[in-house]
Amino acid sequence: MKRILISFALVAMLASMVSAQKVKGSDTCLPLVQKEAESYMKKAGTKVTVTGGGSGIGFAALIEGTTDIAMASRSIKFDEKMKMQNGGKAAKSVVIAKDALSIVVNPSNKVTNLTREQLEGIFTGKITNWKQVGGADMPIVAYSRETTSGTYEFFKEHVLKNKNYKSGILSMPATGAIIQSVSQTKGAIGYVGMAYANSSVKEIHVSYDGGKTFVQPTKANAKSGKYPIVRPLFLYYEAKSEAKVKPFINYILSEEGQTIVDKVGYLELK
Amino acid sequence: MFNKKRNRFGETLVEWTLRLSGGTTTLVIVLISIFLFTEGWGLFKSSTVEKGYVLCVNRSNKIQNLTPKQVKEIFDGNITSWKQVGGDDIPIEPLRMDDIASQYTEEEIGANFEHLPQKLSEAIAAKPGALAFFPEQFININFLGRVLPAETITLKEYFGGKEWFPTATPAAQFGVLPLILGTLWVSIAAILIALPFGMAVAIYLAEIANNRVRKILKPLIELLAGIPSVVYGFFGLIVIVPLIRSIFHLPVGETALAGAIVLAIMALPTIITVAEDAMRTTPLAMKESSLALGATHWQTIYRVVIPYASSGIMAAIVLGIGRAIGETMAVLMVTGNAAVIPHTLTEPVRTIPATIAAELGESAMGSVQYQALFMLGAILFVLTLGISIWAEIIRKEPKVQ
C-alpha cells in the first residue's frame, strides 16, 4: 500500500514538473490570474499553478528561474532588469488588465474634489486638517497600505511623486481593513482598488490638472483614460520561454479571458 | 527472567528517546536564536544607501558625507539648499535614475545601457547642485562627478533612530525606537488592565465560587485561550476601535489603548489559570488555622492565601506580559501601525511583531530591510527571554510565611 502511494506521489510530482507552468508574484493580480488559470486548465488541460507573495517576490523568482511567469502590479524596477541581464536573461512583459485606485473618505465628509497636489500634501503630512481643502474643521487621518505592498509603491510614485509618506501614517495590513477603518472614522482618507470601494465609503473625484477638471472614479472614466490613477497589471516572462507561456497569456488576452477580468473587478484592456 | 530483560531494554530505549528529543529540542532552539542573530547582525555591515547604488555630487561640491536622514529629507524636498547640510548656498537638485534616463532617447542610452555611464557623468557635471542616485556599475574611469563615501548603518542610528521607512529610496530609515517603545507601551498597558480583572476572577474561582460554578467557569475561561488571535483582532477592529473613538472623542480609534484592551482580554486566561492554580495550592491546614484564630474569610484570603501564592501570582503576571509582547495579528489589526513614538495611550503605535509580520513576506531575501527585520526579531527574543528568566527567578523564590 505504502509503496503504491509513494510511487503515485512520485509520478504525480514528475508529471507536474514536466508540464506545469508556474506563475508567481503580486497579490493584486493573484485573484485574477487564479481565475484565468482555472478556466484555462479546464480548456487546455495543462496545469498552471499560481501563487502570490508580492511583485518583488515574483521578480526574484523569475531572476532565479524558479517561476515561468511573474505577476506584477508595477513595472520591473531598474535593478531587477539589470539582474535579469546579468543572468543572461531578457524579460518580456505583457499588460493583461488595468486596475484603478479610488481615493476614499468617510461618507459624512463634505469634501468631494481633491487635486493631486492636495493628495500629496495630505499623505506627506503637509495638510493636516480638512478645512485646508475646503471641508469641515477636523483633523485628517490618513490610512495607507503596508510599506511592502505594490499598491503602496504605486501610490507613492504616481500620487506622491516619489516623496515619502508622513511618518505618522496609519498602515493597514489589507484593503478590507482600510475600508472598515475609513467607514468608521470621520476624518479618514485612504486608497483602495476601485473594485473594493463600496457604499460604506465615499469616492473622491480627482484632478491631475491643478483643479481644472475633477474626474469621478468610474469604470468608464478609468477605461477611457480620463481618470488618472490607473495602473497596468503585468505578466513578465523570460524571452526564451515564450513558446511555453504564450498559450496561457493569449488565453488571458482573448475575449473569454477578458470577460473574466471584468468579472473579477478589474478593467478590461479594450 | 526473559521478561525482565525485555523490560530493561524497553526502559533504556524510552530513556534514550527522551534524552534524544530533549537534546534535539534544545539544539533547535539554540540554532534558531543563532540564526536570528547572525541574519540580523549583517545589518550593521550594510551601507546606508541601497545595495549596488551610489550617491554622487558635482566635483565643485564641498560636502563630504550625508546622513541617511539628510538624504531622505533632500529627496522628499524638505531640505532644498546645500547650505542646510553644511555646503555652499546653492539649491539641491535631486536626480534619480528615471529622471536621467528620461532626458535621453533609447538610442542615446544604447540597447544595453552602454552609453549610460557617459550620459550620467555629463548630467552631473552640468549641474553644480546635483545629488544623483544611481547604480554603482555605471561609474567608469572618466566619471566627472564625485561619489559620496558609503557609510554603514550604526548601532546608534538603529536603536536611537526615530523614523521607520524601510523601503524609502535612496536611503531607508531604520529607527527602531518607536517600535520598541510601542511594543512595551501596549504590553504594559495590557497587563495593567488585565491584572485587576484576572486577580479578581482568580480569587473568586479559587476561594469563593462553589464547585458547580467553577466547573462551568474554568473551562469557559480556558476556551478564551483557544480563540485564534486574528478573531480577537477582528473583534477589536469592529467593536473596540469605534468604542474608543466615541468615548474619548478621538479623530482615530486605532490606538495603543485598543491594542492594550484586546491584548488584556487575550492575556486573561493565562493570568487567571496560573494564579488560580497557585492559590489552590495553599494547604488547607493554613487556611483552617487562620479561620480558627477568628479571621474572616476575606482576611484569610488576603493575609494567608495571596501571600502564600504570591510567587505563582507573579509568574502569572510575567507570563501574561510575555503573551502580550509576542502577540502579532490582533495588534496588527487594531493599533494603526504608525511608527511614531507614543506619548499617550490614545495614539496609534506600531509594535515589533506587527512590523515583522507585515513586512517580512515582501522584503527581498538578504536585503537591508530583511536584516533589519531579523534584528527586530532578535530584540523581541531578548525581551521575552529576559521576562522568562525573571519568571523563573520569581517562581523559585522562597515562599513568604
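The values are calculated or read from the model by the stated rules, or taken from the named source; none is laboratory data. Since this is a predicted model, take the numbers as computed values, not measurements. Glycine also receives a Cβ, built like all others from the backbone with ideal geometry; neighbour counts cover every protein chain displayed. Ligands, DNA and RNA are stripped out before the accessible areas are found, and what is left, the full protein with its side chains, is counted by its heavy atoms. Shrake-Rupley method; radii C 1.70, N 1.55, O 1.52, S 1.80 Å.
Determine the calculated [θ] at 222 nm for chain A from helices alone, applying -39500 (n - 2.57) to every DSSP H run no shorter than 4 residues and normalising by the residue count; nearest 500 deg cm²/dmol.
Result for chain A: -12000 deg cm²/dmol, rounded to the nearest 500.
If you build a Gaussian network model of chain A, linking Cα atoms that sit under 10 Å apart, which residue out of A:S200, A:S39, A:S224 swings the most?
Looking only at A:S200, A:S39, A:S224, the biggest GNM fluctuation is shown by A:S224.
Residues of segment B:1-139: accessible area per residue at 1.4 Å, in Å²?
I get 62 Å² per residue for segment B:1-139.
For the pairing of chain B with chain A, what total accessible surface becomes buried, with a 1.4 angstrom probe, in square angstrom to the nearest 100?
3000 Å²
Give me the residues in segment A:130-168 whose solvent-accessible area, probe 1.4 Å, is reduced by at least 50 Å² once all protein chains are included instead of the chain isolated.
SASA drop of 50 Å² or more in segment A:130-168: A:E146, A:T147, A:T148, A:N162, A:N164, A:S167.
Could you list the trypsin sites (Lys or Arg not before Pro) in segment A:163-255 that lie in coil according to DSSP, counting only those with at most 16 other Cβ atoms within 10 Å of their Cβ?
Details: sites: A:K163, A:K166, A:K186, A:K202, A:K212, A:K219, A:K223, A:K226, A:K240, A:K244; in loops: A:K163, A:K166, A:K186, A:K212, A:K226.
When the trypsin sites (Lys or Arg not before Pro) of segment A:163-255 are filtered for loop state and at most 16 Cβ neighbours within 10 Å, A:K212, A:K226 remain.
State the percentage of accessible surface on the protein assembly as shown attributable to carbon and sulfur atoms; use a 1.4 Å probe and exclude ligands, DNA and RNA.
Within the protein assembly as shown, the accessible surface is 62 percent carbon and sulfur.
Just tell me how shielded B:334-343 is by partners: mean number of partner chain Cβ atoms within 10 Å of each residue's Cβ, no decimals. Before the final figure, lay out each step's value.
Numbers: counts 2, 1, 8, 10, 10, 5, 4, 2, 0, 0.
If you average over the peptide's residues, the count of other-chain Cβ atoms is 4.
What is the distance, in nm, between label points placed 7 Å from the Cα along the Cα-to-Cβ direction at B:L155 and at A:Q216?
6.1 nm
Compute the separation of the alpha-carbon centres of segment B:152-175 and segment B:223-245 and state it in Å as a whole number.
32 Å
Give me the count of lysine pairs in segment B:53-151 whose alpha carbons sit under 19 angstrom apart, restricted to pairs 8 or more positions apart or on different chains.
The result is 6.
Search the structure for amide H atoms under 5 Å from the amide H of B:L95, placed 1.01 Å from N in the peptide plane, and list their residues when 5 or more places away or on another chain.
So B:L95 has HN proximity to B:L131, B:A132, B:F133.
Using +1 on the beta carbon of Lys and Arg, -1 on that of Asp and Glu, and nothing else charged, what's the dipole of chain A about the Cα centre, debye to 20? Can you show the working numbers first?
Values: 36 positive and 22 negative charges, 34 e Å.
Charge dipole of chain A: 160 debye, to the nearest 20.
Rounded to the nearest 10 degrees, what's the angle between the helix B:310-326 long axis and the longest principal axis of chain B, both from Cα atoms, 0 to 90?
Tilt relative to chain B: about 30 degrees.
Dipole size in debye (nearest 20) for chain B around its Cα centre, Lys and Arg Cβ +1, Asp and Glu Cβ -1? Write down the numbers at each step before the final one.
Values: 31 positive and 32 negative charges, 463 e Å.
Dipole about the Cα centre, nearest 20: 2220 debye.
How about A:K35: which aspartates and glutamates have a C-alpha closer than 20 Å to its C-alpha, ignoring those fewer than 8 places off in the same chain?
Counting by Cα, and skipping residues close in sequence, A:K35 has these aspartates and glutamates nearby: A:D27, A:D68, A:D99, A:E255, A:E256, A:D262, A:E268.
Alpha carbons only, please: Rg and Dmax for chain A, in angstrom.
21.0, 74
Please give the helix B:211-226 orientation as an angle from the longest Cα principal axis of chain B, in degrees from 0 to 90, rounded to the nearest 10.
10 degrees
Which of the lysines could a cross-linker span from A:K92 if the Cα-Cα distance has to be under 19 Å and same-chain partners fewer than 8 positions apart are dropped?
A:K22, A:K24, A:K77, A:K81, A:K83, A:K240, A:K244, A:K246
Would you look at the GNM of chain B, springs on alpha carbons closer than 10 Å, and say which of B:S246, B:S367, B:S47 moves the most?
Of B:S246, B:S367, B:S47, the most mobile in the Gaussian network model is B:S246.
How far, in degrees from 0 to 90, does helix B:368-396 lean away from the longest principal axis of the Cα atoms of chain B, to the nearest 10?
20 degrees
Any residues in segment B:238-258 that have 10 Å² or more less accessible area with all protein chains than in their chain alone, probe 1.4 Å, and which are they?
Listed by number, the residues meeting the 10 Å² cut-off are B:I238, B:P242, B:R245, B:P251, B:V252, B:E254.
By the scheme Lys and Arg +1, Asp and Glu -1, what is the net charge of all other residues having a beta-carbon under 15 Å from that of B:L195?
Taking every other residue near B:L195 into account, the sum is 0.
Just by accessible area at a 1.4 angstrom probe, what is the order of B:L155, B:L131 from largest to smallest?
Listed by decreasing accessible area, they come as B:L155, B:L131.
Treat each spin label as a single point 7 Å out from the Cα along the C-beta direction, and report the B:N65 to B:T80 distance in nm.
Going by the 7 Å Cα→Cβ label model, 2.9 nm.
Just how large is the dipole of segment B:194-298 about the Cα centre, in debye to the nearest 20, putting +1 at every Lys and Arg Cβ and -1 at every Asp and Glu Cβ?
Values: 7 positive and 6 negative charges, 45 e Å.
For this selection, approximately 220 debye.
Please list, ordered by chain and number, the residues whose modelled amide H lies under 5 Å from the amide H of A:A97; skip anything fewer than 5 residues away on the same chain.
Residues meeting the amide H criterion: A:L233.
Where does segment B:53-151 land on the Kirkwood hydrodynamic radius, alpha-carbon pairs, in angstrom? Intermediate results must be reported in sequence, preceding the final value.
Details: mean 1/r = 0.0728 Å⁻¹.
Final number for the Kirkwood radius of segment B:53-151 is 13.7 Å.
At 1.4 Å probe size, what's the solvent-accessible area of A:Y152? Round to the nearest 10 Å².
Taking all protein chains as shown, A:Y152 has close to 10 Å².
Tell me which DSSP H helices of chain A clear both cut-offs, 18 Å or more of axial length from alpha-carbon atoms and a mean Kyte-Doolittle hydropathy of at least -0.5.
A:2-19
In deg cm²/dmol and to the nearest 500, what is the mean residue ellipticity at 222 nm of chain B if only DSSP H runs of at least 4 residues count, each as -39500 (n - 2.57), divided by the residue total?
Mean residue ellipticity, 222 nm, calculated: -18500 deg cm²/dmol.
For chain A, what does the relative contact order come out to in percent, with C-alpha contacts under 8 Å and a separation of six or more?
Rounded, it is 25 percent for chain A.
Give the Kirkwood hydrodynamic radius (Å, one decimal) of the protein assembly as shown, defined as one over the mean of 1/r across all pairs of different Cα atoms.
It works out to 28.8 Å.
In segment A:219-256, which GluC sites (Glu not before Pro) fall in coil by DSSP and have 13 or fewer other Cβ atoms within 10 Å?
Here no GluC sites (Glu not before Pro) fit, given the DSSP loop and packing criteria.
Relative contact order (percent) for segment B:177-396, with alpha-carbon contacts under 8 angstrom and 6 or more residues of separation?
Rounded, it is 31 percent for segment B:177-396.
For B:A125 and B:F197 in the same chain, what is the full-extension length gain: residue separation times 0.36 nm, less their Cα-Cα distance, in nm?
Contour length minus Cα-Cα distance gives 19.0 nm.
According to the square roots a ≥ b ≥ c of the eigenvalues of the Cα gyration tensor, what is the shape class of segment B:177-396, taking rounded for a/c under 1.5, prolate for a/b larger than b/c otherwise, and oblate for the remainder? Walk me through the numbers on the way to the answer.
Values: a/c = 2.53, a/b = 1.88, b/c = 1.35.
Because a/c hits 1.5 or more and a/b exceeds b/c, segment B:177-396 counts as prolate.
Would you work out which of B:G160, B:F133, B:S229 lies farthest towards the positive end of the dipole of chain B? Charges go on Cβ: Lys and Arg +1, Asp and Glu -1.
Among B:G160, B:F133, B:S229, the one farthest towards the positive end of the dipole of chain B is B:S229.
Excluding residues fewer than 8 places away in the same chain, name every one of the aspartates and glutamates whose C-alpha is closer than 19 Å to that of A:K212.
A:E117, A:E120, A:E203
Specify the inter-centroid distance of segment A:150-197 and segment A:204-246, based on alpha-carbon positions, in whole Å.
18 Å
From the C-alpha coordinates alone, can you work out the Kirkwood hydrodynamic radius of chain B, in Å?
One decimal place: 25.8 Å for the Kirkwood radius.
Pull up all non-local amide H partners of A:A188: gap of 5 or more, or a different chain, and H-to-H distance under 5 Å with H placed in the peptide plane.
Here A:N106, A:V141 satisfy the definition.
Modelling each spin label as a point 7 Å along the Cα-to-Cβ direction, I'd like the B:S310/B:L217 distance in nm, to one decimal.
For B:S310 paired with B:L217, the spin-label model returns 2.5 nm.
Would you look at the GNM of chain B, springs on alpha carbons closer than 10 Å, and say which of B:A123, B:A260, B:A202 moves the most?
Per the Cα network of chain B with a 10 Å cutoff, B:A123 tops the list.
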